[in-house]
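The structure appears below as structure tokens.
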Amino acid sequence: MGGALHAGSQHTKQPHPHAPDTAETAGGQLVLVVEDERHTRNALGRFLRRHGWNVAGFGTASEAQAWLEESQARQPVAGAVIDVHLPDGDGIDLTRELRRLLGEHIPIVIVSGDTSMDTLRRLRDAGGSRFVGKPMSLAALREALAPPKGGEARMTKPE
């Protein structure tokens with residue numbers, strides 16, 4: 001399973017083409033982290049695992065989408081943390097796609113230094129649950145991933 005047979009009859013494991021680069025198991029529910037800055041992605045993963053979540057980390061939107069489409073039936077996702085500015089698109093489009101694939105019930109936390117009303121409005125319209133500005137407070141991130149009270153996980157309308 002997941003391996004390839006090479007000359008000399010040695011069995012070596014090949015990584016899945018869409019495998020997360022920071023997948024770790026802490027015994028909890030799975031959270032996707034989509035952040036192009038590796039150090040930030042790894043720090044978020046360590047923080048989330050320390051607080052009981054399993055983490056699948058990706059550097060691009062396309063990696064996360066491909067893995068999710070292949071893995072969703074086997075590994076239900078309980079939440080996501082998405083950077084707005086990604087090398088292959090933006091987190092707003094990815095948020096819209098995650099809502100289509102995962103439904104309205106999971107928290108999708110958007111992280112960005114862009115706090116303009118236009119960006120916040122676009123995030124809300126795409127189905128983002130909560131927004132955490134950069135530099136981010138890890139306590140705010142943990143709170144934002146908490147299960148929503150009373151149903152849908154949606155951002156409130158920006159004033």
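Mind checking which strands (runs of 3 or more DSSP E) fall wholly inside segment 38-150 and carry at least 1 residues that are of a type outside the set (Asp, Glu) and more than 12 Å from the chain's Cα centre (by Cα)?
Details: elements: 54-58, 77-83, 108-112, 130-133.
Output list reads 108-112, 130-133.
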Filter result for Pro20 (modelled with pLDDT under 90 and buried (at least 16 other Cβ atoms within 10 Å of the Cβ)):
yes
Determine whether Val31 is of a type in the set (A, V, I, L, M, F, W, C) and either surrounded by 22 or more Cβ atoms within 10 Å (Cβ to Cβ) or more than 18 Å from Arg142 (Cα to Cα) (or both).
yes
Is it true that Val109 is touching an Asp or Glu at 6+ places or on another chain (Cβ under 9 Å), β-branched (Val, Ile, Thr), closer than 18 Å to Glu35 by Cβ and crowded, with 19+ Cβ neighbours inside 10 Å?
no
Can you tell me which of Gly103, Gly127, Gly59, Gly52 is buried (at least 21 other Cβ atoms within 10 Å of the Cβ) and under 24 Å from Ala146 (Cβ atoms)?
Gly127
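The values are calculated or read from the model by the stated rules, or taken from the named source; none is laboratory data. Bear in mind the structure is a predicted one, so any value in this text is a computation, not a measurement. Backbone-built Cβ (ideal geometry, glycine too); neighbour counts: all protein chains shown.
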